[in-house]
Amino acid sequence: MSVFAALGTLLTRLADCLAPLFGASATAAAIVLFTLCVRAALHPLARAAARGEKARAALAPKMAELNRRHKRDPERLRRAMAELYEKELVSPVAGCLPMLLQLPVFFVMYHVFSTGSGAGDLLDHTLAGAPLGGRWGGDLTGPHGPVYLALFALIAAVATWTYLRARKAAADARPVGAGMAAGAAKVLPLLSFGTLVTAAVVPLAAGLYLATSTTWTAVERALLHRTVRGSGEPVKERSRR
């Protein structure tokens, strides 16, 4: 059995369990619940990524100073950066590897929800009458308009919240010289608005997955940022764990 078929079977069984509560929309509820469960299982990786990002951000002022001091000597700059990472016990890819490890899981889920490949009749079910395999036709006044309107409103609200938080993070990062962090903070929110565009052209099942996953990501990052920032641990100690 392929991984896609296994996921489809799992969703079908989960939908059967949810049928008494959600009726014809049980499969849609199963997609949301399954996405939340997967994101919860991947939370340790997200936490590791957040700590890695925080550790690298804490080194940003020292990195900026090294760039200023050795900007005309790339080889010496490279050695100085390597020595700094070694001294502070921080990996140059801290925060990146945990995120990369999550990508295959996200790909499998998105593939199943957008194509129904190997998942049986997954996309033949409905959410409040709107077919999970159907796409938004550009009309919010039709019989399925309220479903898409609620979906788009949620994604837009999350994107706006993410954007406002990122602007504040960028403003806070400038005084300490975290230029790269500030730049990333400006770009990342655009991905949420891109999700809004994507949800408008993919099947409703994939749109539900995107809305659920995007909402989880926004809340998770906000909580992790607060937790890591308030931990009070030195960078060296956090990185050793």
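Couple of notes before you dig in:
- Those residues of region 9-33 which are closer than 14 Å to TYR209 by Cα and open to solvent by less than 30 Å² (accessible area, probe 1.4 Å), in sequence order: LEU11, THR27, ALA28, ALA29, ALA30, ILE31
- Of the criteria (1) within 27 Å of ALA206 (Cα to Cα); (2) among the basic types (Lys, Arg); (3) touching a residue at least 12 places away in the same chain (Cβ under 8 Å), which one LYS62 fails: (1)
- For region 119-130, a tally of residues being open to solvent by less than 50 Å² (accessible area, probe 1.4 Å) and out of contact with any strand residue (DSSP E or B) (no Cβ under 8 Å at 6 or more places or on another chain) returns 6.
Here's the yes/no breakdown for (1) open to solvent by 80 Å² or more (accessible area, probe 1.4 Å); (2) modelled with pLDDT of 90 or more; (3) among the hydroxyl-bearing types (Ser, Thr, Tyr):
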{"residue": "CYS96", "(1), (2), (3)": "no, no, no"}
{"residue": "PRO146", "(1), (2), (3)": "yes, yes, no"}
{"residue": "ALA150", "(1), (2), (3)": "no, yes, no"}
{"residue": "THR162", "(1), (2), (3)": "no, no, yes"}
{"residue": "ARG165", "(1), (2), (3)": "yes, no, no"}
{"residue": "ALA169", "(1), (2), (3)": "no, no, no"}
{"residue": "GLY179", "(1), (2), (3)": "no, no, no"}
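- Positions within region 35-51 being within 30 Å of SER114 (Cβ to Cβ) and in contact (Cβ under 8 Å) with a residue 60 or more places away in the chain, in sequence order: THR35, LEU36, VAL38, ARG39, LEU42, HIS43, ALA46, ARG47, ALA50
- Test for VAL158: is it at pLDDT 90 or above, open to solvent by less than 40 Å² (accessible area, probe 1.4 Å) and under 30 Å from ALA28 (Cβ atoms): yes
- For LEU140, the test of being modelled with pLDDT under 90, open to solvent by 60 Å² or more (accessible area, probe 1.4 Å) and farther than 28 Å from LEU42 by Cβ is passed.
- Close pairs (9 angstrom Cβ cut-off, 6 or more residues apart or separate chains): over 17 Å from ALA211 (Cα atoms) in region 107-121, assigned to a helix (DSSP H, G or I) and open to solvent by 70 Å² or more (accessible area, probe 1.4 Å) anywhere: GLY116/ASP124; GLY118/VAL3
- Residue, farthest from the chain's Cα centre (by Cα), within region 185-218, restricted to residues that are surrounded by fewer than 14 Cβ atoms within 10 Å (Cβ to Cβ) and at pLDDT 90 or above: VAL201
The values are calculated or read from the model by the stated rules, or taken from the named source; none is laboratory data. Please read all numbers here as calculations on a predicted model, not as lab measurements. Don't worry about glycine lacking a Cβ; one is built from the backbone with ideal geometry, like all the others, and counts go over all protein chains shown. Side chains included, ligands, DNA and RNA excluded: accessible areas come from the protein's heavy atoms. Shrake-Rupley method; radii C 1.70, N 1.55, O 1.52, S 1.80 Å.
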